[in-house]
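J.: Handing you a structure now.
The values are calculated or read from the model by the stated rules, or taken from the named source; none is laboratory data. As the structure is a prediction and not an experimental result, all values here were calculated from the model. Here the Cβ positions follow ideal geometry from the backbone for every residue, glycine too, while neighbour counts run over all protein chains shown. What goes into the accessible areas is simple: the full protein's heavy atoms, side chains included, and nothing from ligands, DNA or RNA. Shrake-Rupley method; radii C 1.70, N 1.55, O 1.52, S 1.80 Å.
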2 protein chains.
Amino acid sequence: MPGIRNDTARRRTRDADATRHALLTAAQRLFGQKGYERTTTREIGEAAGVDPALIARYFGSKADLYLAAVAADRLGDDEGPADPDRVDAPFTDLAEVAQVVLRRTAAHGPGPILQALVRDDASPEIRAAATARLVRRMVEPLAAEYAATGSDRPELRAQVAVAAVLGTSLGRSLGWFDELHAADPDELAALLVQALGRPG
Amino acid sequence: MPGIRNDTARRRTRDADATRHALLTAAQRLFGQKGYERTTTREIGEAAGVDPALIARYFGSKADLYLAAVAADRLGDDEGPADPDRVDAPFTDLAEVAQVVLRRTAAHGPGPILQALVRDDASPEIRAAATARLVRRMVEPLAAEYAATGSDRPELRAQVAVAAVLGTSLGRSLGWFDELHAADPDELAALLVQALGRPG
DNA sequence: CTAGCATGTCATCGCCTGATGACTTCCGAC
DNA sequence: GTCGGAAGTCATCAGGCGATGACATGCTAG
């Protein structure tokens, strides 16, 4: 297929890349808000301003779109231009982890990664991909930090800390309790750091 | 309705109470394992050894059965004969909350209440029922405890503590991280209490 | 024994879902 | 201009879902 795309990336009224991106964005938002089962392809199409049949064309199936949404979910990354080198960079300490997770979830609701973790209907590959990112970006650096301060069982403490942060973030965005729901993300982060941050 | 039931509670081959109980038990297990959406009435009927149509007869609808399952879910109560007076009794301190939640979840997986909390596909009434029980049994006593120790924002701290316990419990039973998954529930409870229990 | 109602069975309905493929529209090359 | 194929639209399908109501069965009262 010689030269399908021109050298100049001109804006087209019918733009496959834009459509693809719109679908992926809408899918991330809806899957992250309502979960996989409750989100229908028709909803995604409507939210993206696009015919649902395009999901099949561009992603294959609803499940494949979900996978793509998880893969594209930069949990906790600040918004802004996607810098491939920065994405997936490990966090440095619990304060950063807590602040960034809580802010992000507060702003956009639980994303596909959190949904994939929490839902047991997610396929094993999806779960594995989600946990792998969490481990590398959050658990491992935290474990190193705990180990440096001389805590016993640093790995377990790091895993508990991340689980606690995720639980708090989930509870906040899902509105489990009134004050938790209304709380400022940074205040929650500070509270958690205060509790979990010091060596035992 | 005079004397529908005999004075002697004789075992009958066709026993409405037994059928009702079988459905409720199967529903608790399946809803707790797979969540609401992924569990079908036909599955529940098969698991209970009962015709699915009886769900409509005895509970009204699938959603009502779910509500009944949540209501009957004694989150954290030790097994044993159901004592109506003890069910729903508030916990006394964080240690009890953490221990009991973690033990229960470790033994039986996340129950209907935890599922209802975590899943955003649950209807508002279901969520409200689940959170109401958590608040009364766990959050309020903890808030009182925090207040007694002079912590600032005792309610918020209590809510964060419960959310952290639930997140840890969920992460453990869903196998987010290796050591967390393998950890002894009591050890996790102790770890959380140590972190969250002391006044800030 | 028998009448009546509680209990359980079964076939089926209407709805919604994800998926499919034929059809139309429009861009870009030549 | 016109032609080919990419991009988007539409109607429709098959399957599974929860729900329903007519029907069959068996217990118990009298």
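J.: Among the residues of the range B:56-68, is any among the acidic types (Asp, Glu), out of contact with any Ser or Thr (no Cβ under 6 Å at 6 or more places or on another chain) and at pLDDT 80 or above? So that I can check it myself, show each step before the final result.
T.: Within the range B:56-68, the first condition is being among the acidic types (Asp, Glu), and the residues that meet it are B:64.
Right, trim to out of contact with any Ser or Thr (no Cβ under 6 Å at 6 or more places or on another chain) and you get B:64.
Keeping just the survivors that are at pLDDT 80 or above gives B:64.
Yes, the range B:56-68 has at least one match.
J.: Next question, about the same structure. Are any residues in the range A:69-91 at pLDDT 75 or above and in a loop (DSSP other than H, G, I, E, B), and if so, which ones?
T.: Initial filter on the range A:69-91 (at pLDDT 75 or above): A:69-73, A:90-91.
Matches in the range A:69-91: A:Asp73, A:Pro90, A:Phe91.
J.: Are any residues in the range A:178-188 crowded, with 24+ Cβ neighbours inside 10 Å and more than 8 Å from chain B (Cβ to nearest Cβ), and if so, which ones?
T.: Selection gives nothing.
J.: Let me ask something else about it. Working carefully through the options B:Thr19, B:Thr25, find the one that is within 28 Å of B:Gly175 (Cα to Cα) and assigned to a helix (DSSP H, G or I). Full working, then the answer.
T.: Numbers: B:Thr19 fails: within 28 Å of B:Gly175 (Cα to Cα).
Criteria check complete, one pass: B:Thr25.
J.: Another question, if that's okay. Only one of these conditions is not met by B:Pro110: (1) part of a helix (DSSP H, G or I); (2) closer than 22 Å to B:Thr25 by Cα; (3) within 10 Å of another protein chain (Cβ to nearest Cβ). Which number is it?
T.: Checking B:Pro110 against (1) part of a helix (DSSP H, G or I); (2) closer than 22 Å to B:Thr25 by Cα; (3) within 10 Å of another protein chain (Cβ to nearest Cβ), the one that fails is (1).
J.: Tell me the helices (runs of 4 or more DSSP H) entirely within the range A:123-177 that contain at least 2 residues that are open to solvent by 10 Å² or more (accessible area, probe 1.4 Å), more than 10 Å from every other protein chain (Cβ to nearest Cβ) and not acidic (Asp, Glu). Before you say what the answer is, go through the steps one by one.
T.: Working: elements: A:124-134, A:140-148, A:154-174.
Because the criterion is at least 2 residues that are open to solvent by 10 Å² or more (accessible area, probe 1.4 Å), more than 10 Å from every other protein chain (Cβ to nearest Cβ) and not acidic (Asp, Glu), the helices (runs of 4 or more DSSP H) in the range A:123-177 that meet it are A:124-134, A:140-148.
J.: Name the pairs: first residue in the range B:38-57 and within 10 Å of DNA strand C (Cβ to nearest atom), second residue basic (Lys, Arg), Cβ to Cβ under 7 Å, at least 6 apart or on different chains?
T.: From the range B:38-57, the pairs are B:Pro52/B:Arg42; B:Ile55/B:Lys62.
J.: Search the range B:36-68 for residues being assigned to a loop (DSSP other than H, G, I, E, B) and surrounded by fewer than 22 Cβ atoms within 10 Å (Cβ to Cβ), and hand back the single one that is farthest from DNA strand D (Cβ to nearest atom).
T.: Step one: list which residues in the range B:36-68 are assigned to a loop (DSSP other than H, G, I, E, B), which gives B:39-40, B:49-52, B:60-61.
Of the ones still in play, those that are also surrounded by fewer than 22 Cβ atoms within 10 Å (Cβ to Cβ) are B:40, B:49-52, B:60-61.
Numbers: B:Thr40: 3, B:Gly49: 16, B:Val50: 13, B:Asp51: 8, B:Pro52: 7, B:Gly60: 7, B:Ser61: 3 Å.
The residue in question is B:Gly49.
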